[in-house]
Amino acid sequence: MSPHPTKPSPAAAASGSEALLRSTGLRVTRAAQTVLELLEHASQPLTHDDVVAAYTTATGAPPDRVTIYRVLDRLVEAGLCDRRVGADRINRFSRHVEAASGNIFECDQCHKVLALPSDPELPKVMSRLGRELRKQGIDTRRTALTLHGTCGECRG
């Protein structure tokens, strides 16, 4: 399966991406809209190089690579996309995964990210871990769990 997204319909995608960018206070630029749309339609998280290649395919012209880095950084800061560093130390970007539990699964092969179901015991465990860390002088601001493994598609 190719990580590259399918090309969205221009009118529908443009209005959605424009509204999302405006709602977070980001400037609406062609680059920001295109990158957001590419991430929205990607089947798995994309590296910077993947985004550049998909952008070139979608628009017919290669983007400025630094502009793509800046757009990705802004989308992460605005909470519209997530940046994950894989075991291979490569940054991958995907649309923000809203998990009711706040926890996710990431496939180590294709890097697909899935929301984990809520579990009533998990907040208790995370709270106990937070208390233990505070005893050591560590103040935690946020807790999130990421499980790693192989998804069903990759196990095939």
task = Determine the share of the chain's accessible area contributed by carbon and sulfur atoms, expressed in whole percent, with a 1.4 angstrom probe.
result = 52 percent
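Nearest 500 deg cm²/dmol is fine: what mean residue ellipticity at 222 nm does the chain get from its DSSP H runs of n ≥ 4 alone, each adding -39,500 (n - 2.57), divided by its residue count? Walk me through the numbers before you get to the answer.
Details: 6 runs with 69 residues, N = 156.
Result for the chain, helices only: -13500 deg cm²/dmol.
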inquiry  = Considering just Cα atoms, how many Å³ per residue does the convex hull of region 11-89 enclose?
reply    = 92 Å³
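If you count only protein heavy atoms with a 1.4 Å probe, what accessible area per residue comes out for the chain, rounded to a whole Å²?
61 Å²
Rounded to the nearest 5, what % of the DSSP beta bridges within the chain are antiparallel ones?
On the way: 9 of 13 bridges.
Roughly 70 percent of the beta bridges in the chain run antiparallel, per DSSP.
Please return the longest stretch of the chain lacking exposed loop sites, where GluC sites (Glu not before Pro) count only if DSSP places them in a loop and at most 16 other Cβ atoms lie within 10 Å. Before the final figure, lay out the partial values.
Details: sites that count: GLU98, GLU121.
By the stated rule (loop sites, at most 16 other Cβ atoms within 10 Å), 1-97.
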query = How much net charge surrounds ALA32 when only other residues with a Cβ under 14 Å from its Cβ are counted (Lys, Arg +1; Asp, Glu -1)?
reply = 0
Residue (of LEU36, ALA53, CYS81) at the positive-pole extreme of the chain, dipole from beta-carbon charges = CYS81
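With only Lys, Arg, Asp and Glu charged, each at its Cβ (+1 for the first two, -1 for the last two), find how big the charge dipole of the chain is about the Cα centre; round to the nearest 20 debye. Intermediate results must be reported in sequence, preceding the final value.
Working: 21 positive and 18 negative charges, 96 e Å.
It comes to approximately 460 debye.
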Using distinct alpha-carbon pairs, which all enter the 1/r mean, Kirkwood radius of the chain in Å = 17.1 Å
request  = Using only Cα atoms, find the angle between the long axis of helix 30-41 and the longest principal axis of the chain, and express it within 0 to 90 degrees, rounded to the nearest 10.
outcome  = 60 degrees
key: Within region 66-143: Cβ-based charge dipole about Cα centre, in debye rounded to nearest 20 (Lys, Arg +1; Asp, Glu -1)   = 260 debye
ask   = Once region 90-156 is represented by equal point scatterers at the alpha-carbon sites, with solvent omitted, what log10 I(q)/I(0) does the Debye formula produce at q = 0.13, 0.20, 0.24, 0.25 Å⁻¹?
value = -0.48, -0.90, -1.05, -1.08
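The values are calculated or read from the model by the stated rules, or taken from the named source; none is laboratory data. What you see is a predicted model; the values in this text were computed from it and never measured. Neighbour counts run over all protein chains shown; Cβ positions are idealised from the backbone, glycine included. Areas reflect the complete protein model, heavy atoms only, side chains present, ligands, DNA and RNA absent. Shrake-Rupley method; radii C 1.70, N 1.55, O 1.52, S 1.80 Å.
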